[in-house]
1. What's the number of the only condition in (1) more than 22 Å from the chain's Cα centre (by Cα); (2) assigned to a strand (DSSP E or B); (3) surrounded by 14 or more Cβ atoms within 10 Å (Cβ to Cβ) that Thr187 fails to meet?
2. Can you find, within the range 131-165, the residue that is farthest from Ala110 (Cα to Cα) among those that are in contact with a Lys or Arg (Cβ under 9 Å, 6 or more places away or on another chain) and in a helix (DSSP H, G or I)?
3. With (1) more than 16 Å from the ligand (Cβ to nearest atom); (2) touching a His at 6+ places or on another chain (Cβ under 9 Å); (3) of a type in the set (Asp, Glu) as the list, and Glu102 as the residue in question, which single condition is left unmet?
4. Any residue in the range 69-81 that is outside any loop (DSSP other than H, G, I, E, B), touching a helix residue (DSSP H, G or I) at 6+ places or on another chain (Cβ under 7 Å) and modelled with pLDDT of 95 or more?
5. Which of the numbered conditions does Ser204 fail, given that it passes all the others? Conditions: (1) under 21 Å from Ile145 (Cβ atoms); (2) in the same structural domain as Ile159 (by TED's automatic domain parsing).
6. Quick one: what pairs do we get from the range 164-190, first residue without any contact (Cβ under 8 Å) to a residue 40 or more places away in the chain, second within 12 Å of the ligand (Cβ to nearest atom) and in a loop (DSSP other than H, G, I, E, B), C-beta under 8 Å, 6+ apart or different chains?
7. So how many residues does the range 58-73 have that are aliphatic (A, V, I, L, M) and crowded, with 19+ Cβ neighbours inside 10 Å?
8. Is it the case, given these coordinates, that Thr264 is touching a residue at least 12 places away in the same chain (Cβ under 8 Å), closer than 30 Å to Ala17 by Cα, among the polar types (S, T, N, Q) and away from the ligand (no atom under 12 Å from the Cβ)?
Amino acid sequence: MKASISIISGSSSQALAGRVARALGCHLADIDFSTFPDGERYLRISGAADIEYAVIIQSTSTDSDYISLLQTIDACDTANRVDVVIPYFGYARQDKRFKDGEAVSARALAGTIKADQVYTVNIHNQNVLSYFDAPATDLNAAPVIGERIAAMELDDPMIVAPDEGAIELVRSAAEHLGVDFDYMEKTRLSGEDVLIKGKKMDVSGRDVVIMDDIISTGGTIAETTRVLDENGANRVFATCVHPVLVRNAVLRLFASGIEEIMATDTLDKSVSVISVAGLIADAIKEKR
Ligand code: R5P
């Protein structure tokens, strides 16, 4: 008989965990999160001793999300099997030593995860998967984003990656939809500013969807929108897997002329209108 699954929601992924539990028709554990007066976090899972197969779901966009994930894994130590789903894995962009003496942050953090199986969603660089001790599988949200784009009434649509790094994501969604795609050339000037070189790209009069893995400060998408406007694009939309959206990113995007921002629920934000719950549920069912 298969062990019964309990979904354990980390503090940062409550909506997504609820959706995965519903998709799998399984038990959603009751967790108490609180913070001590000195700022240390406390976590307790009710009925933890009865959990056979724990599936923990927690994105880690802040350091305290990471602490909470480690605490959740520890609280599940009596389960027979523990799968850890990290839909958005923070620090994945520091996936190698760019300059002498730097910490490879993604490696440092991945090495602390004790699990039987790890899942991520469109991790920034697939190399990071090898830093986990457990087998790690990266799930691809491009087809579900593609379905959302297909449901929009777009005029002669095209999907554009703001840099070469996002081309595989864009290719995967565009091929799913059977629409044109291309990529821009990006040079990062600072943490907030980028230079996008408008390659010769025929966007005149077309509706364009810019697609990236992460939108953080919004600088990349805002600058891409400016170049697309210069090239005569009709309407410009933005979509991403992980809406990190720091500071005034949403404002910056709308001010640049973006019509709509559509992201997945790997992070729970107001623009998280596309769910990856089905993707996660299917992956769990497949490996069960
Ligand atoms: C970088 O390589 C990523 O794929 C994104 O393009 C980047 O994180 C976006 O950052 P921002 O929104 O701050 O320009």
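1. So the condition that Thr187 fails would be (3).
2. Ranking the qualifying residues of the range 131-165, first place goes to Glu164.
3. Going through the list (1) more than 16 Å from the ligand (Cβ to nearest atom); (2) touching a His at 6+ places or on another chain (Cβ under 9 Å); (3) of a type in the set (Asp, Glu), Glu102 breaks only (2).
4. Of all residues in the range 69-81, those outside any loop (DSSP other than H, G, I, E, B) come to 69-75, 81.
Next cut, touching a helix residue (DSSP H, G or I) at 6+ places or on another chain (Cβ under 7 Å) only: 75.
Subsequent filtering for residues that are modelled with pLDDT of 95 or more retains 75.
Looking through the range 69-81, at least one residue is outside any loop (DSSP other than H, G, I, E, B), touching a helix residue (DSSP H, G or I) at 6+ places or on another chain (Cβ under 7 Å) and modelled with pLDDT of 95 or more.
5. Only one criterion in (1) under 21 Å from Ile145 (Cβ atoms); (2) in the same structural domain as Ile159 (by TED's automatic domain parsing) is unmet by Ser204, namely (1).
6. Going by the 8 Å Cβ cut-off, the qualifying pairs are Tyr183/Pro162; Tyr183/Asp163; Glu185/Asp163; Lys186/Pro162; Lys186/Asp163.
7. Taking the range 58-73 as the starting set, the residues that turn out to be aliphatic (A, V, I, L, M) are 67, 69-70, 73.
Remaining after also requiring crowded, with 19+ Cβ neighbours inside 10 Å: 69, 73.
The number of residues fulfilling the criteria is 2.
8. Spelling it out, Thr264 is indeed touching a residue at least 12 places away in the same chain (Cβ under 8 Å), closer than 30 Å to Ala17 by Cα, among the polar types (S, T, N, Q) and away from the ligand (no atom under 12 Å from the Cβ).
The values are calculated or read from the model by the stated rules, or taken from the named source; none is laboratory data. Given the structure is predicted, the values throughout are model-derived calculations rather than measurements. Here Cβ is always computed from backbone atoms with ideal geometry, including for glycine, and neighbour counts include all displayed protein chains.
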